[in-house]
Amino acid sequence: MPFKGYLTVTIEPLPPVVVGETVTLKCNFKTDGRLREIVWYRVTDGGTIKQKIFTYDAMFNTNYSHMEDYRRREDLVYQSTVRLPEVRISDNGPYECHVGIYDRATREKVVLASGNVFLTVMSPPNNISVVAENTPAPFSRYQAQNFTLVCTAKGGKPAPSVYFKRDGELIEVISYTQPSTNEQGGGSAGVRGARPLISRDLDDTKLQRSLSLLDPEGRSARLYTDSPQRVHTQGQQASEPSPATEVIPETVVSREFPRWVHSTDPLYYFSHTHIPQSDGSVVVQARLTWTLNPQLDNDALFSCEVKHPALSMPMQTEVTLAAPKGPKLLMSPSRAKVGDTVRITVQGFQVGSPGNEVFPEPLFTWTRVGGRLLDGSTEREGKELILERVPAELNGSMYRCTAQNPLGSTDTHTRLIVFGTYAQLKLSQTLIESHS
């Protein structure tokens, strides 16, 4: 016997929502039959699994708290609503509303109809950071070197837009594809394809210079903006400054500057990668590479900005490139005796801390002036030099701490005085005799 009556089911479409918001799913259905049940499903794994999230059974439940009914042209129109409080990324996906009514002819047979809707849950990035790639790294005194800033944005869904600014101005960049590991390890000068080139390798006639950034779909998009202001003149040669010297008791600080000068404006290269996460978010890593010029880039402010549809305004983090300044050295114990273990430590030196605004992180190297270290090595790396069981022969020895990053290098010297040596005992004896 054919079904008598009708049943239509529709679900109101939903705009994208942000994590933490409350969502109301609305299922509208029209019928002239008697309602049997309403079932809501959360569909997962491409439709293979349906998780029941709400059921209304008309046989055993006469409470219509989820139902609203009214008459239109003698038809019954129902609406079933389901609230999802504080949605999470995992709530993203399709939902189905299944409605069953009794066949008016048999009064027992149940007729089903359904509708579906897709809930899009957005999540703004919850963390952005900027680091210098391959650091800590030494200062290059005699040749130019590439320098790369890496901006990482985590927690975004969909993937956010990421771009760089210098001193508040959008950077004009050239997009390139980041080479694979095999290409990076090639070392052949002929394999240039995707790697960023330093200025002396560039042929401007072969490069298409463009304004680009990463859009939410991962495509390059053109930025309509003026070129950033340049802070130097092409062809202008800067004279090498003389090393500045600061005298501290028993400590000498000297700074060294590079011995080359660039004559062209820098070209910035931009690349990005998307790393999908298990929770549905995407980690975006954007790289900005250029040929470093310490005379021009020292004290330059670089910012990474992130745009996302779930944010009312861009997120931003910034770093100021700066060469290391002479760190203060602390010697412990302050009055070392023969046989003591002496520690010489870089005191209060933190990246970006007041008075020590240094980025990227410096590389600290210790050497002994005019000889080897106590353990026989020529140098040691780290923020602390440990001299175990110092002998009397080290009295008066000078130690050098070199703090360097790609923007510059600075040396700090300090002298070790070992008390209890023969010379000091002789001096004490002379002082005693002079007072007697």
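The values are calculated or read from the model by the stated rules, or taken from the named source; none is laboratory data. These figures come from a predicted structure and were not determined experimentally. We place every Cβ from the backbone using ideal geometry, glycine too, and count neighbours over all the protein chains shown. In case anyone asks, the SASA skips ligands and DNA or RNA and just uses the protein heavy atoms, side chains included. Shrake-Rupley method; radii C 1.70, N 1.55, O 1.52, S 1.80 Å.
Within the set Arg415, Arg400, Arg389, the sole residue that is surrounded by fewer than 19 Cβ atoms within 10 Å (Cβ to Cβ), closer than 30 Å to Leu296 by Cα and modelled with pLDDT of 90 or more turns out to be Arg400. Residues of region 122-134 that are surrounded by 16 or more Cβ atoms within 10 Å (Cβ to Cβ) and over 26 Å from Asp279 (Cβ atoms): Ala132 alone. Filter region 278-306 down to the residues that are out of contact with any strand residue (DSSP E or B) (no Cβ under 8 Å at 6 or more places or on another chain) and of a type in the set (Val, Ile, Thr) and list them by number. Result: no residue meets the conditions. Of the residues making up region 293-318, those that are at pLDDT 95 or above and open to solvent by less than 30 Å² (accessible area, probe 1.4 Å) number 6.
This table checks each residue for (1) surrounded by fewer than 21 Cβ atoms within 10 Å (Cβ to Cβ); (2) in the same structural domain as Thr402 (by the TED database); (3) at pLDDT 85 or above.
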| site | (1), (2), (3) |
| --- | --- |
| Ser254 | yes, no, no |
| Trp260 | yes, no, no |
| Ser278 | yes, no, yes |
| Thr291 | no, no, yes |
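Scanning region 333-342 for residues that are open to solvent by 50 Å² or more (accessible area, probe 1.4 Å) and either in contact with a Ser or Thr (Cβ under 7 Å, 6 or more places away or on another chain) or not in a strand (DSSP E or B) (or both) yields Ser334, Arg335, Val338, Thr341. Taking region 63-114, which residues are modelled with pLDDT of 50 or more and of a type in the set (Asp, Glu)? Of everything in region 63-114, those that are modelled with pLDDT of 50 or more and of a type in the set (Asp, Glu) turn out to be Glu86, Asp91, Glu96, Asp103, Glu108. Taking first residues from region 320-343 that are at positive phi and partners that are of a type outside the set (S, T, N, Q) and at pLDDT 90 or above, the Cβ contacts under 6 Å between residues at least 6 apart in sequence or on separate chains come to Gly339/Arg389.
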